[in-house]
Amino acid sequence: MTKTSFTRRHLLEIGTGITLVAAAGVIWRANERGVIGDGGNEPYLPWEIWNDPAHRGTPLALVAAGVLASNPHNTQPWIFRVGDGRIDILADTSRNLGTFDPYLREMHVGLGCAIENMVLAAAPNGYAVTVAPAAGSLLDIGGRNEPVLAATLHLSRADAPVDPLYDAIPKRHTNRNPYDLARGFPGDLLQDFAAAPHDEDVKLYLFRGGAAYETLGATIISATDEIVADHAMIEDSHRWFRDGPQEMARERSGLELDTAGLSPALLAVAKILPALPAEQSHGTWAKQTRDTHVPTAALLGLIAARDRYDRAQALAVGRLWQRIHLAAGAAGLAMHPLNQPVEMIDRERQLGAEPKAEARLAAVTGDEAWQPTFAFRGGYAIRDAAISARRSVETVTEIA
Ligand SMILES: Cc1cc2nc3c(=O)[nH]c(=O)nc-3n(C[C@H](O)[C@H](O)[C@H](O)COP(=O)(O)O)c2cc1C
């Protein structure tokens, strides 16, 4: 009897000990990743100091707006070389997505987004600006180690009117949460999108329903499943997933859990658990795409170019996307690129595989003269988006 009770007490103590050790392990792990405690606000400061008086009226004010642009996987693939009356925008090709973006097409679309923010910031800082894109084909950019000139902004002093989209720059965020389908998408905003100034080699498609909407939604889902089944693609994507605030404080780029569009409860659990391997994190993404992103999209859209691998056209596509996203944000609408079908077009081309993704998107537009290069959804989100990290102006600027 005494012995039994002794043993049980010991078992209880051992059990409690194991629980404590396990709990300590989770806390240690969480602490190591910086989940507990303050990872620091530094990676998010560029959103607050984007119109810092110290930069006002100088080319650095344009760079500060540029770094807040939409860009693939938050790779921030840019270098800004500031010279006399000019800013060269260079593609930092080392910050590539590998098989996820084998022709640096998305990288250049992201650079176009940065250019649009910079153009919007020119007038408020006393500049007139002209944009000179580098000519040629993305298919001819070989290496991934040297910066490649994408465009030059030529600046001159001027008193020009300020575009109202300028004020929306620090409020624009990619929103991966569910959208409220019942609230639809306002028609007047669609008209604003359609009227947005853009290059004549770029075309916008907007769908709120009907066969094209259904086909595009199905294409986004099937392309996501194909990406998840492609080991190289998800490993290349996974390299840009940051494992907690401490890693983010070091890198100030890439994707993090807070911006993944998880519910608050799931986010809290995900932050404490060990980081998921690429298969599982991308499996979760495919499930979100199938169950949430596509079914709650009040709007699905495409941006197409005459030639999706033309360098200047890729920038022009980014400029239009940035304007659309800023206009939506200013009107209280959420937006979210879902570019998986075009990522699969690139991948099939790289592998020399049958161009199935190309055929699926051609079925959406019904016009092979236009090559879709960017897909997105829009609507009223059920939750605000978290803001994503940015490297500082100083880190990404070279003075020529
Ligand atoms: C060319 C391009 C492709 C993108 N593709 C996707 C995508 O397929 N899925 C997604 O969730 N976000 C996508 N994004 C959004 C970026 O991940 C996002 O802009 C980046 O993480 C920075 O976050 P922010 O937009 O909130 O500033 C894309 C952005 C660009 C410019």
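Overview of values
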| item | result |
| --- | --- |
| Test: residue in region 306-321 that is buried (at least 23 other Cβ atoms within 10 Å of the Cβ), more than 16 Å from the ligand (Cβ to nearest atom) and either among the hydroxyl-bearing types (Ser, Thr, Tyr) or in the same structural domain as Ala249 (by TED's automatic domain parsing) (or both) | no |
| Qualifying residue in region 57-71 (condition: surrounded by fewer than 23 Cβ atoms within 10 Å (Cβ to Cβ), away from the ligand (no atom under 15 Å from the Cβ), among the hydroxyl-bearing types (Ser, Thr, Tyr) and in a loop (DSSP other than H, G, I, E, B)) | yes |
| Qualifying positions in region 72-92 - within 15 Å of the ligand (Cβ to nearest atom) and either part of a loop (DSSP other than H, G, I, E, B) or in contact with a Cys (Cβ under 6 Å, 6 or more places away or on another chain) (or both) | Thr75, Gln76, Pro77, Asp92 |
| Enumeration of residues in region 234-246 that are within 15 Å of Arg95 (Cα to Cα) and of a type outside the set (Asp, Glu) | Ser237, His238, Arg239, Trp240, Phe241, Arg242 |
| Any hit, region 120-141, residues being touching a helix residue (DSSP H, G or I) at 6+ places or on another chain (Cβ under 9 Å), part of a loop (DSSP other than H, G, I, E, B) and surrounded by 14 or more Cβ atoms within 10 Å (Cβ to Cβ) | yes |
| Residues that are under 30 Å from Gly332 (Cα atoms), more than 16 Å from the ligand (Cβ to nearest atom) and not hydroxyl-bearing (Ser, Thr, Tyr), drawn from region 352-400 | Val364, Ile382 |
| Boolean, Gly37 is at pLDDT 80 or above, at positive phi and part of a loop (DSSP other than H, G, I, E, B) | no |
| Pair list, Cβ < 9 Å and 6+ apart or interchain, from region 101-112 residues that are closer than 16 Å to Arg349 by Cβ and open to solvent by 10 Å² or more (accessible area, probe 1.4 Å) to residues that are aromatic (Phe, Trp, Tyr) and more than 9 Å from the ligand (Cβ to nearest atom) | Tyr103/Tyr309; Glu106/Phe100 |
| Qualifying residue in region 330-351 (condition: open to solvent by 20 Å² or more (accessible area, probe 1.4 Å), of a type in the set (A, V, I, L, M) and within 11 Å of the ligand (Cβ to nearest atom)) | no |
| Any hit, region 155-166, residues being assigned by TED's automatic domain parsing to the domain that holds Leu338, among the acidic types (Asp, Glu), at pLDDT 95 or above and farther than 19 Å from Val393 by Cβ | no |
| In region 253-276, the residues that are open to solvent by 60 Å² or more (accessible area, probe 1.4 Å), in contact (Cβ under 8 Å) with a residue 24 or more places away in the chain and outside any helix (DSSP H, G or I) | Pro274 |
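The values are calculated or read from the model by the stated rules, or taken from the named source; none is laboratory data. It should be emphasised that the depicted structure is a prediction, and the values quoted were computed from it without experimental measurement. As a convention, Cβ positions derive from the backbone with ideal geometry for all residues, glycine included, and neighbour counts pool all protein chains shown. What goes into the accessible areas is simple: the full protein's heavy atoms, side chains included, and nothing from ligands, DNA or RNA. Shrake-Rupley method; radii C 1.70, N 1.55, O 1.52, S 1.80 Å.
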